[in-house]
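Scroll down for the structure; my scribbles are underneath it.
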Amino acid sequence: MGKDSVLSEQTRKGLLVSVSGPSGVGKGSVIDKVRERIPDIAHSVSVTTRPIRDNEIEGVSYFFRTEEQFKDMMAQGEILEHDIYLNNYYGTPLTPLLKLINEGRDVLFDLTVSGSLALMENYKDAVTIFLLPPSMSELRKRLVLRATEAPEVIERRLLEASVEIPKADLFNYAVINDDLNKAADRIIAIIEAEKHRYARQIGIEERILGR
Ligand code: 5GP
């Protein structure tokens, strides 16, 4: 069965929710907060060619693979979407995702901007959220405070952000991360509202009426 046919059958099952945003916006912290508050939401574990970090666990944080292995997976149609970020490949593996979808689970994705757009192409019902900084000066402040990058890299990130932010109009939702808890609250509210769309609960009235 092709991935399109498998995915398109899922409109009345779990939600696929992806969060993207420019580097430094605080996406990782907001996603962690959402996961903490909705423990049932599954995490799509991506495949990456970047080196494993100290606090990371194979198969939990990512599936860490060589570039050759990654390209093999792509050739076998095992990668739903992929992107290159800082010279490393990142991609969503299809088989574990289909398993989660078939179990009716809600799945949260942490993707690059183009990753979310590709997810939407494959799965029209995906809920895409663009996380925005309150302002460019605040984004600069956060990148400087993070102190993980050299000044010229920070400038490059800000330039990338100015190219990515105009793509917010291609997403379903735009959420400003002015405060970690408030941004998480907003995303949780979006997930709750999306679950209550009639289109995701077709036949609910029949079930209530016992027909
Ligand atoms: P990090 O190396 O910091 O874990 O992630 C770098 C970037 O890759 C983040 O912006 C994250 O959202 C993105 N990313 C992680 N997994 C995937 C994936 O499967 N597909 C795409 N398109 N982006 C990903």
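The values are calculated or read from the model by the stated rules, or taken from the named source; none is laboratory data. It should be emphasised that the depicted structure is a prediction, and the values quoted were computed from it without experimental measurement. Don't worry about glycine lacking a Cβ; one is built from the backbone with ideal geometry, like all the others, and counts go over all protein chains shown.
The strands (runs of 3 or more DSSP E) located wholly in region 95-211 that include 3 or more residues which are surrounded by 19 or more Cβ atoms within 10 Å (Cβ to Cβ) occupy 107-110, 127-132. Going by what's in this entry, would Arg200 be described as under 17 Å from Ser29 (Cα atoms), touching a residue at least 60 places away in the same chain (Cβ under 8 Å) and either in contact with a His (Cβ under 8 Å, 6 or more places away or on another chain) or of a type in the set (D, E, K, R) (or both)? Answer is no for this residue. Taken together, Arg156, Arg207 contain a single residue that is charged (D, E, K, R) and closer than 18 Å to Gly26 by Cα, which is Arg156. Filtering Asp83, Asp72 for residues that are among the acidic types (Asp, Glu) and either touching a strand residue (DSSP E or B) at 6+ places or on another chain (Cβ under 6 Å) or crowded, with 17+ Cβ neighbours inside 10 Å (or both) leaves a single hit, Asp83. Residues in region 71-82 that are in a strand (DSSP E or B), free of Cβ contacts under 8 Å to residues at least 60 places away in the same chain and more than 7 Å from the ligand (Cβ to nearest atom): Ile79 only.
Please specify each residue of region 83-118 satisfying the condition of being within 9 Å of the ligand (Cβ to nearest atom) and modelled with pLDDT under 95. Passing the criteria: Tyr85, Leu86. For the subset of region 27-69 comprising residues that are acidic (Asp, Glu) and assigned to a helix (DSSP H, G or I), which member is surrounded by the most Cβ atoms within 10 Å (Cβ to Cβ)? Here the residue is Asp32. Here is a check on your reading of the model: is Leu139 in contact with a Pro (Cβ under 6 Å, 6 or more places away or on another chain) and more than 9 Å from the ligand (Cβ to nearest atom)? So Leu139 fits the description; yes.
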